[in-house]
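A short worksheet on the structure shown next.
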Amino acid sequence: MVATQLVDSGRFVPPTMMRRASAEFFTAFNTLPTFCRVRAVARPSSDSEINIEVWLPVTGWNHRYLGVGNGSFGGSINYNRLGESLRSGYATSSTDTGHRGRPSESAWAVNHPEKQADFDYRAVHETALTSKALIDAFYHSPPARSYFSSCSNGGRQGLMEAERYPTDYDGIMAGAPATHFGFKTFISGDFGAFQKRGGKIIIYHGGNDRPESNLNLFSSLRRRTGEETVSSFLQFYLFPGMGHCGSGDEPNDFGQWLRPGDTPENSLFSALEAWVEKNVPPDGVIATKFAIDGDPGSAVVKRRRICPYPRVARRNHLGSDSDSTNYVCS
């Protein structure tokens with residue numbers, strides 16, 4: 001353990017960020033409630049130094065744990081994701097993936113196979129174990145459910161968790177997973193143990209973000225295990241016109257960012273929770289294009305119902321064709 005700190009409401013100031021936050025990222029740290037901030041270091045090998053932060057809301061905990069991932073080569077704690085998760089009532093955690101540096105840097109991996117392993121899969125697993133132990137100690141109760149949500153390399157992290165450590169998380173939302181971004185360990189699609197214990201996965205990808213590799217992964221899963229088995233635990237969503245993890249001129253906001261008031265109708269993450277906790281499979285989501293990406297206070301430009309691939313949205317003939325609520329997945 002490195003440090004434990006009680007952070008009063010509105011008093012958290014994040015360290016200097018390694019990268020500039022995009023418009024969608026949470027930055028209102030002065031609105032956060034009081035929380036216990038724990039900083040720890042895991043050393044599963046002689047060449048490992050995995051920095052971990054776990055944030056525990058003092059009041060208003062929703063009895064869920066949410067692990068957040070990292071883009072590119074990691075190298076820093078994801079404070080933006082920690083902030084939005086804490087604000088929404090989750091006990092939450094992040095890791096620097098076992099090294100410090102800019103997301104574009106990879107020199108740390110040269111001649112350091114253990115650090116490569118930490119980045120590939122071990123850091124996120126060690127973070128989950130550490131977080132669950134701290135949650136149990138702080139609240140005298142384990143989390144009722146555990147989730148992981150992230151995009152890009154973070155999406156790969158989530159799928160790697162499902163493959164290698166199927167008991168770490170109950171639900172995983174993997175955005176644009178970079179399935180061949182590791183050093184020696186790549187996603188194979190072996191989610192059998194995760195599926196058998198009742199885990200659920202939602203993968204999403206932008207149509208303008210070269211989704212072919214993940215479409216191929218999904219198709220391979222269906223061929224190997226059967227469409228019925230796959231649909232019982234995994235859904236794939238393809239968002240036309242969307243870029244990497246968001247952006248683009250088409251509806252691109254669908255719950256990849258946590259916000260108060262989210263519902264399964266407009267948030268894939270809320271739909272994932274309902275799938276895990278109530279066994280209600282998602283039946284599509286209404287995606288929104290805001291005038292300012294990531295700002296739900298700005299004008300709504302357009303909305304569209306997106307269905308689990310390969311299903312498509314069709315009008316139900318109950319209203320105007322411009323109203324997304326008048327479309328159903330068929």
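The values are calculated or read from the model by the stated rules, or taken from the named source; none is laboratory data. Because the structure is a prediction, the values reported are computed rather than measured. Neighbour counts are summed over all protein chains in view; Cβ atoms, including those assigned to glycine, are modelled from backbone coordinates with ideal geometry. Each accessible area value is taken on the protein alone, full model and side chains, heavy atoms only, with ligands, DNA and RNA left out. Shrake-Rupley method; radii C 1.70, N 1.55, O 1.52, S 1.80 Å.
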Quiz item: Is there a residue being open to solvent by 10 Å² or more (accessible area, probe 1.4 Å) and part of a helix (DSSP H, G or I) anywhere in segment 145-162?
Solution: no
Quiz item: Name the residues in segment 109-121 that are more than 26 Å from Ala144 (Cα to Cα) and either open to solvent by 40 Å² or more (accessible area, probe 1.4 Å) or in contact with a Cys (Cβ under 9 Å, 6 or more places away or on another chain) (or both), would you?
Solution: Val110, Asn111, His112, Pro113, Glu114
Self-check item: So Val285, is it in contact (Cβ under 8 Å) with a residue 24 or more places away in the chain and under 19 Å from Leu234 (Cα atoms)
Solution: yes
Exercise. Tell me, yes or no, whether segment 239-250 has at least one residue that is open to solvent by 10 Å² or more (accessible area, probe 1.4 Å), in contact with a strand residue (DSSP E or B) (Cβ under 7 Å, 6 or more places away or on another chain) and outside any loop (DSSP other than H, G, I, E, B).
Key: no
Exercise. Say whether the condition of being outside any loop (DSSP other than H, G, I, E, B), open to solvent by less than 10 Å² (accessible area, probe 1.4 Å) and touching a residue at least 24 places away in the same chain (Cβ under 8 Å) is met by at least one residue in segment 208-216.
Key: yes
Quiz item: Given the conditions (1) modelled with pLDDT of 95 or more; (2) within 24 Å of Leu86 (Cα to Cα); (3) of a type outside the set (Ser, Thr, Tyr), which single one is not true for Gly294?
Solution: (1)
Quiz item: Which one is least open to solvent (accessible area, probe 1.4 Å), of the residues in segment 73-100 that are more than 14 Å from the chain's Cα centre (by Cα) and basic (Lys, Arg)?
Solution: Arg87
Quiz prompt | Filtered residues of segment 1-38 (kept if among the polar types (S, T, N, Q) and either surrounded by 15 or more Cβ atoms within 10 Å (Cβ to Cβ) or modelled with pLDDT of 80 or more (or both)) | solution = Thr4, Gln5, Ser9, Thr27, Asn30, Thr31, Thr34
Quiz item: Is it the case that segment 240-248 has a residue that's modelled with pLDDT of 95 or more, within 12 Å of Arg305 (Cα to Cα) and hydrophobic (A, V, I, L, M, F, W, C)?
Solution: no
